[in-house]
1. What whole-number distance in Å separates the alpha-carbon centres of the range 18-55 and the range 207-280?
2. Using the Kirkwood radius over Cα pairs, work out the Stokes-Einstein diffusion coefficient for the chain at 10 °C and 1.306 mPa s, in µm²/s as a whole number.
3. Find, to one decimal place in angstroms, the Kirkwood hydrodynamic radius of the range 165-270, where the mean of 1/r is taken over every pair of different Cα atoms and then inverted.
4. So, R0 is 25 Å and r is the distance between the beta-carbons of ASP136 and ALA94; what FRET efficiency does that work out to, to 0.05?
5. Any idea what the relative contact order of the chain is, in percent, if you count C-alpha pairs under 8 Å spaced at least 6 apart?
6. Mean-square fluctuation check for the chain, GNM, Cα pairs under 10 Å: which of VAL250, VAL126, VAL59 is largest?
7. How many nm separate the modelled label positions at ARG18 and LYS125, each set 7 Å beyond the Cα in the direction of the Cβ?
8. Using amide H atoms built in the peptide plane, which far-off residues or other-chain residues are under 5 Å from ALA61 H to H?
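Computed from the coordinates by the stated procedures, all read-outs in this text should not be read as laboratory data. Just so we're clear, the structure is a prediction, and the values are computed from it rather than from any experiment. Here the Cβ positions follow ideal geometry from the backbone for every residue, glycine too, while neighbour counts run over all protein chains shown.
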Amino acid sequence: MKRSSRLDDLLAFVTVARERSFTKAAAKLGVSQSALSHTVRLLENRLGFRLLTRTTRSVSATDSGERLLRGVGPHFDAIEEEFTAVRGLRDKPAGSIRITTSAYAAEAILWPVLEKFLPRYPEIKVELSIDSALTDIAAQRFDAGVRLGEQVAPGMIAARIGPDTSMAVIGAPAYFKKRSVPQVPQDLTAHDCINLRLQTHGGLYAWEFEKDDRKLNVRVDGQLTFNAVAQVVAAALAGFGLACVPAEIVSAEIRKGRLQRVLTDWCPSFPGFHLYYPSRRYASPAFALLVDALRYRAK
C-alpha cells in the first residue's frame, strides 16, 4: 500500500476518534459517512484489532485506539500548523534576502527604500554586500545584484530601480585655476587624470565618450589610480586632477560648486541602476515585495 494511502487512513481514524462521530468527521473531511466507515474498518482489519467502539449514540476509541491516537495525532497537528504557517507567509512575508551592490547604490538607492520597507515587514531580513566587482550572484549564492543597466549579464531578469544616468568628467575649481578646460575628449591627454582600476577585470577604465554617433575611448594618465569610485571623487575634490564617474555620485558636489563638470555634450545618458536576478529563481513573497518597493517609477 502506498504511504499516502496509509496516511489518509490514519487521518480518517484520528478525525473520527477526536470528533467521536462518523457524521461530524465525514463533514470535516469532506467525504461520505459510509466511505469513512469503510476506510476505518479496512485500517482495523490491516492492524488486526479494533480501534473504535461503535454504538448507536457514540463512537469512542478502544485502548489500542487511544494509544494510536496519542502516537500519530500530534504529528498531524504539527503538519497542519506548518501548512498554516506557510499559508500565512502570504500575509506575513518572511525570509532572508542577500544582495550584492556598489557602495553608492547601497547608500543612495537601496537604503532610502529599506529604511521604510523593513519596519513594515519585521520577518524579512536583508543583507547587503558592498563590492565594486561584477559578482557571479549564482556562484556566490546571492539572491540578487545591483548594477548599472549596461553591466547586467545576459539571461538575467532586471528591474530598473533608478533613473537613467551618464558619466561626468569633473575637476575642482582649484584645478581649473591652473589648467585650461578641455573642449574635446582628446584634450584629456594633456591633463592630470585620476584613473580607476576595474575590480572585475583588473584593467584601467577607459573613459568613454559619444557625440553625433561618434564614439571615443580615451586612455588617461596621472599620479593616482584607485579601485573604488569614492576615493577617485575624493582626489578630484582635493584638486589632484580630472575624474570620470557616474554623474549622480557627484551631483551634490557640482551643485555646491565644489566640482566643475566639463565635456557634458560628450557624455550621453545610459540605463541607470537595475536590480537583477537569475531567471530560474523562484520569487518568494518577501523577494517579490522588495523588488516592487525598489522599482523605479518616474515622477
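1. The distance from the Cα centre of the range 18-55 to that of the range 207-280 comes to 75 Å.
2. Values: Rh = 24.6 Å.
Estimated diffusion coefficient is 64 µm²/s.
3. That comes to 13.7 Å for the range 165-270.
4. Efficiency, from the Cβ-Cβ distance: 0.40.
5. Working: 451 pairs, mean separation 60.6, N = 299.
Taking the mean separation of contacting Cα pairs over the length of the chain, I get 20 percent.
6. Among VAL250, VAL126, VAL59, the largest mean-square fluctuation in the Gaussian network model of the chain belongs to VAL59.
7. Result: 3.2 nm between the two label points.
8. Correct list: THR53.
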